[in-house]
Each structure stands twice: as structure tokens, then as C-alpha cells.
There are 2 protein chains.
Amino acid sequence: MAEEPKNARRFAAEEGRRFMSRALAAAGLPDADADAVAEAMLFADLRGVDSHGIVRLPTYIRRLRAGGINPRPRIHIARESDATALIDGDNGMGHLVMGFAARVAMEKAEARGVAWVGARASNHAGAAACYAMMPLARDMIGLYLAVANNNHMAPTGGVEPLLGTNPIAIAVPALEEPPVVLDIATTAISFGRIRNAADAGESLPEGLVMDYGGRPVTDPKQADHALLLPIGGYKGYGLALMFSLLGGVLNGTATGRDTVSIDEANAPGNTGQAIMALKAANFGPIDEFKRRVDTVARDLRGSKPLPGVGEVRYPGLQGHGTAAERRRSGIPIRPGFVAALNRLAADLGIAPPALL
Amino acid sequence: MAEEPKNARRFAAEEGRRFMSRALAAAGLPDADADAVAEAMLFADLRGVDSHGIVRLPTYIRRLRAGGINPRPRIHIARESDATALIDGDNGMGHLVMGFAARVAMEKAEARGVAWVGARASNHAGAAACYAMMPLARDMIGLYLAVANNNHMAPTGGVEPLLGTNPIAIAVPALEEPPVVLDIATTAISFGRIRNAADAGESLPEGLVMDYGGRPVTDPKQADHALLLPIGGYKGYGLALMFSLLGGVLNGTATGRDTVSIDEANAPGNTGQAIMALKAANFGPIDEFKRRVDTVARDLRGSKPLPGVGEVRYPGLQGHGTAAERRRSGIPIRPGFVAALNRLAADLGIAPPALL
């Protein structure tokens, strides 16, 4: 995820955030909303989730301008109970919808101990960890799941793409160590990695991609018209399906055969997501819990590595380190994409991002 | 999971349930508790989770008699809020602790929409799906996770067994179709399958088991002294770790380096588990939701299969079919294990199970 693009240029985090905000405002978002989306997108770029940050800007802008996303949505609670809510995103940017959903979840969890908040009429919301991590500041555990906007996975035993790469993120607060943050898709490989392999002229190992006849695909250039295999065979298929039911069907959104591709710029996606916040202090003294998480984190880091491995890591550690480094040294960006951003800026009549 | 043992004998479901109940009562459980545990164990045998039903009886009995499990626990709520609770299992049978936890979760979810209930001082509870499915009868979605009692998984990049096969189960109600029920461990292969390979004289494919030096293990007979690899590499490692934090560390139970092996008959395991119940009607009309789950289920079943595959399945379908078949024809049991059960019966001074 945090592999450096070849011959990368860099932009300063704050410059990137301001550019994304300018672009979103130029596409019709109110300033405060443009800022909030830019912040969530920058989160991905900082933590090394390079596939979910600024590289998505052209697609978002295209969809905003074509009417596929509503730039001025009335995001609201459609249904609620003491510890649950269903958010109607009114086809707004997913980052805004899930930011709203996370705030509702945290408020309810503060009062009741746990809350589950689903969203319908949402859109792509960027990096899953962004929302799972929001409850951390309130000493809560966060869990986020989403229904992906394209179907690239077939059920085990089948060849029809009825499921997406449906991701899950879970974040757990620690005391002195960086929080434990898992952010994974349910497919064995991401398109980002496939693209990297294609760029590097490498072939893919078997077991990650197959064609519609069930034959293994090892040429990364063929992967666009093929199926991504789930992690652990039927286990990953089952997880993807469950996230589709919990994040999509439960909220009344498009899944399976009804999925609207993110590539259809003018069609509302009716994306579904869900977030859970769980108040850790309800299970024991909060500092004791966080200290025990520290111990687990240190036990893992201090455990015996495989030959050739420097240090064992735990989920979230690499993203934490990448964010610290990128705040200092800037965020790398592919040369080809610099040109795309400059074209986008010209098109929107705004200043392009200054590079370092 | 539902592979038939070779040369299997069979016992009728009700006969198996009564035998397990007799044995547990003889080991000190009150009759009602013995019945409840036997029922939960039979659930596993019926659904084809053969590794988590009657085959566990000798271990449970040994631990009950050695003082490793408390036969007459005071299972109680140690902490609670509107939508959360921490159950103290008082070192009772895990089946009783998690049955109690599930009831608390469903009551709270009925009132608040969702509930998260953790357990400490619990023990092995059998099949994960058993508890995730309890909320189905009340039109709730169930989610269960557990910290396994033995560490067989190393963190990715490491070789120290600091994590278990920590399972998750999620159950979603449908209207006319069998419910969607996922029940998976976070390792790529289970010991049950490894044993099957050993019995059949087959070798294991690479990528499932490795030795403490990181080398692949393909001889199933070597797997007892080796590491089980997680599903999807670091993804499965991350999931196992998260379930350990959510099911164990949050509840103040033994995890990581502190894990007590289930093989130490006289040591309380302080096992941790958690269950969530989510009231589906809070997100829209319940029948509409369940009908949409039916549609997803039928779309999957009706989708194009791989060459050589009869029908595409969804999680829970096979277990549902196995249970129906086994209620009719009885539950298969390995010949070698029949002898073990007869010895156990003699030892406890109870009648052995009648076989079909």
C-alpha cells in the first residue's frame, strides 16, 4: 500500500489538502464540505492508502459535474433508535455521509455503550480506516464496512461477478503505542497491486485472479476483464457477502445484480456502508484496557521474526509510520498523475497543486 | 466440514443429545445445564461442524472432573449499560456462558436496536454459528467471535505462535431461503482437515502450514508442531488479532502470551468471546429486508457455476442441508471414536449411546 511510485514527485500535505478542497468547491461543494472531504482524502494519502486519496479526485469531480453525485445533499437521519440509526446520504459524497454517520454512532455509543449506524444513498467514501479510526479519540473501538461500487468477485464455485471487494476496517485504541488499525479488502489482491505488477512488467502468482472460465490469470494486464479471488477461498467470499448484507441490503442499497458501477458518471451509486462504535470503558477501566493493548502490540513487535524480516508489525503500524514520514517529507505522486491534476485544475479554473 | 468419516457408524440425533446430557450430568452439571450444553453440542454435529460436537465430549469431561471447568458456575452480569454487558462466566462451560450472553444481547437489542455483550472467565463454547444464529428467531442479525484456546498462528512476518484460529460467525435471517450463516476460523486450514489429509495419506498444498523456520509444511503429520497460516496473509492475521482484542483483551481475558491451552485439564482457560445482536427491523420493514436476502441468496444459487460445479452455494446452505439429512438419518461417527465414547460411558457409569 505504501510502496513509493516510481520517479515520484511530492506535494506537501497541506498543499494537497487545499488543492483537493479548491477542486471540490469548484465542482459545487460548499466550502466546509469541500474541506471535510479533502481532509478525509488526505488521510488516505498520508497513511499510504494511495489508491483511495487524491488519485480518486478526477473521478469524484467527473461524477459531481455529471450529476452522479449530489454536491449539496441533505444528509439526515432517516430512522433511529437508542443505539441504531439509518442515515440517508441524499447521494452526497461518501466522505460526508460517513463522517455524519460516525458522529451519530459516537454520540449514541457515548450514551448507550454501543451503536450501529448504516447509510444508504451514499457514495465512495475513500479509505475505510478513516471512519473506523474516528471513535479512537473518544476511547471507542470503531468498525466500518462498505459495499464496493464494482463487482469483481464471484461466489466460490461460480464465475459471475456478484460481489465487490467489500472492505472492513477495525480500529482499537492503545495507550502509548500507535492504535491497532486493520483496513482490508476481502479480495486476495487489490487493483492497485495489480497495476503495480503491470507497471513493473511482473506476472501475478496463481490464486489471486481467474478468468470467467475459472482459469488462473497471471498477466496483470488481463485482470481488468477477470475475477478477483477472495481471501481464503469460501471464507473471504462469505465475509464479502456478509458485508454486502450488513452494509448494503440492510440499509436498502444496491448490491449484487443491482450494483451501479462507479464508472457510470451520471448514475447515483446508492452505496451502502455501516459503522459501529463501542465504548471500551464499559468493559473495564479504560487505561487498563489500553495498557493491555500496548502489551499485545509490543509482544507482537518483539516476537521472533522470520529469517530476513527486520521486525514483526501489527496492523496500523506501517500506516502510522508512513503518515509521520509524509507529514514531514510530503506525499509522493506519479509523474503521469501530475499531468492529470494539472489538466483538472485548468478545467476547473483553479490553481494546480504546487509540488515540492 | 461435513465430509463423512470413513466407515462411519451413526447415532440418532436425540440419542446423541441424551447421551451427552447424561455424561455432563454425571460430571457434575445440573440437569438443565447438561441439557443446554448437549443441545449446543448437537447443533454442531447436526450442521456438520464435526470438530465441535460430540468429539469434544471427552475433553470437556476431563476438564470438568479435573477442576479445569466449574460444573456449577454463577454466570452473571459483571458490568452493563443500556446496550452493552460484560458477562462473568465463573469458569463454567462456554456453551452456558454464551447462551446466557446471547439472551442478554437479544434483550438489550430488542430495547435499544443493537447490543454488544462480551464474556470473560468462559470456556470453549463449541460451534460459533450456534450463538450467531440464536438472534435469527427474533429477526435479528447475530455476530459472534471468540479467542481460541490454543495459539497456532504467528503474526505475519514472524514465527512465534501468539494467536489462535480465532473464529467469527455472522448470521442473517432470510424469509423463505435458509438463513445466510458464515462460520469461519481465520486460519487457511483447520486441524480437522489436516487430520483428514493425514488419514487419507494425502499431502497438504503449500501455503497452509509452515514450520517455525518459515518453511512450508506439506506432511499433515508434521502439522501438530507447526504454524497454521492465516487466510489472505496479513489480512487473516489482522482479523485474528482484532477478534483477540474484541473478544479477549476488551473483556479482560487471557490472550497472546497468557493463553492457557485447552489441553491443561485442570487450569481455568479464562476464554473470551463476544456476541452482537442487531435488530433488522430498525432499518426498514422486516419482511422487505428478509425478502431481499432471499433474492441475494437465489441470485447466488442461480449464478453460473465453474465447470464441474453443480450449483453455487452460499454460506450456511450446506450446514442447513446437512442438518436436515442428519435429523433423518442420524449423525456419522468414526469407529475409533465409538470405542472412546464407550470407555467414557463406562468410566462415568452411564449407558453408552445406542448406534443405528
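Just so it is clear, none of the values below were taken in a lab; they were calculated from the coordinates. Everything numeric here is computed off the predicted structure, so don't read it as measured data. Glycine also receives a Cβ, built like all others from the backbone with ideal geometry; neighbour counts cover every protein chain displayed.
Just rank B:Thr253, A:Thr186, fewest to most, by other beta-carbon atoms within 10 angstrom. Please list the in-between numbers first.
On the way: B:Thr253 24, A:Thr186 30.
Listing B:Thr253, A:Thr186 from fewest to most nearby Cβ atoms yields B:Thr253, A:Thr186.
Placing +1 on the Cβ of each Lys and Arg and -1 on the Cβ of each Asp and Glu in region B:9-116, which of B:Ile77, B:Ala38, B:Phe19 has its Cα farthest towards the positive end of the resulting dipole?
Positive-most Cα among the choices belongs to B:Phe19.
Averaging sequence separations of C-alpha pairs under 8 Å and six or more residues apart, then dividing by the length of chain A, give the relative contact order as a whole percent. Can you show the working numbers first?
Working: 774 pairs, mean separation 84.3, N = 356.
After rounding, I find 24 percent.
Compare the Cα positions of A:Val159, A:Met242, A:Leu278 along the charge dipole of chain A (+1 at Cβ of Lys, Arg; -1 at Cβ of Asp, Glu; about the Cα centre) and return the one farthest towards the positive end.
With unit charges placed on the Cβ atoms, the residue in question is A:Leu278.
Can you give me the long-range amide H partners of A:Leu306? Hydrogens built in the peptide plane at 1.01 Å from N, cutoff under 5 Å, separation of 5 or more residues or another chain.
The answer is B:Gly158, B:Val159.
Which whole number gives the average count of other chain Cβ atoms within 10 Å of the Cβ atoms across peptide B:292-298?
Values: counts 8, 3, 0, 5, 11, 2, 0.
If you average over the peptide's residues, the count of other-chain Cβ atoms is 4.
Got the A:His320 label distances to the other copies yet, label 7 Å along Cα→Cβ, in nm, shortest first?
Here A:His320 shows inter-copy label distances of 4.3 nm.
Between region A:163-177 and region B:26-79, what is the separation of their alpha carbon centroids in Å?
About 34 Å separates the Cα centre of region A:163-177 from the one of region B:26-79.
Magnitude of the Cβ-charge dipole of the protein assembly as shown, K/R +1 and D/E -1, about the Cα centre, nearest 20 debye? Intermediate values should be presented prior to the final figure.
Values: 76 positive and 74 negative charges, 2 e Å.
In debye, rounded to 20, the protein assembly as shown gives about 20.
Which ³J(HN,Hα) values in Hz, rounded to whole numbers, follow from the phi angles of region B:176-193 under the Karplus curve 6.51 cos²θ - 1.76 cosθ + 1.60, where θ = phi - 60° and Gly and Pro get x?
The phi angles translate into 10, 7, x, x, 8, 9, 9, 8, 9, 8, 8, 8, 6, 9, 9, 5, x, 5 Hz.
Which value at 222 nm does the protein assembly as shown reach when only helices count, each DSSP H run of 4 or more adding -39,500 (n - 2.57), with the total divided by all residues and rounded to the nearest 500 deg cm²/dmol?
Numbers: 20 runs with 262 residues, N = 712.
Taken over the protein assembly as shown, the calculation gives -11500 deg cm²/dmol.
Once amide H atoms are placed 1.01 Å from N in the peptide plane, what residues at a sequence separation of 5 or more from A:Ala121, or on another chain, have their amide H within under 5 Å of its amide H?
Amide H to amide H, under 5 Å and 5 or more residues apart or across chains, A:Ala121 pairs with A:Gly89, A:Thr271.
Name the long-range amide H neighbours of A:Val180: under 5 Å, sequence gap of 5 or more, or other chain; modelled H, no Pro or chain starts.
HN-HN under 5 Å from A:Val180: A:Val172, A:Ala174.
With a cut-off of 8 Å between alpha carbons and a minimum separation of six or more residues, what is the relative contact order of region A:227-301 in percent? Before the final figure, lay out the partial values.
On the way: 33 pairs, mean separation 14.2, N = 75.
Reported as a whole number, the value is 19 percent.
Could you work out the relative contact order of region A:11-125, using alpha carbon pairs under 8 angstrom and six or more residues apart, expressed as a whole percent?
Values: 181 pairs, mean separation 23.3, N = 115.
That works out to 20 percent.
Label position 7 Å from Cα toward Cβ: report the copy-to-copy distances for A:Pro352 in nm, one decimal, ordered from shortest.
Nearest first, the other copies' label points are 8.4 nm away.
Sum up the charges of everything whose Cβ sits under 15 Å from the Cβ of B:Lys235, counting Lys and Arg as +1 and Asp and Glu as -1, but leave B:Lys235 out. Mind showing how you got there, number by number?
Working: positive: A:Arg193, A:Lys235, A:Arg313; negative: A:Asp183.
My count for the surroundings of B:Lys235 gives +2.
Can you put A:Ile75, A:Ile168, B:Ile77 in order, fewest other beta carbons within 10 Å first? List each step's numbers first, then the result.
Details: A:Ile75 22, A:Ile168 26, B:Ile77 13.
In increasing order of surrounding Cβ atoms, one gets B:Ile77, A:Ile75, A:Ile168.
From the phi of every residue in region A:315-327, what ³J(HN,Hα) in whole Hz does the Karplus formula 6.51 cos²θ - 1.76 cosθ + 1.60 yield, where θ is phi - 60° and glycine or proline is x?
Running phi through 6.51 cos²θ - 1.76 cosθ + 1.60 with θ = phi - 60° gives x, x, 5, 5, x, 4, x, 4, 4, 5, 5, 6, 5 Hz.
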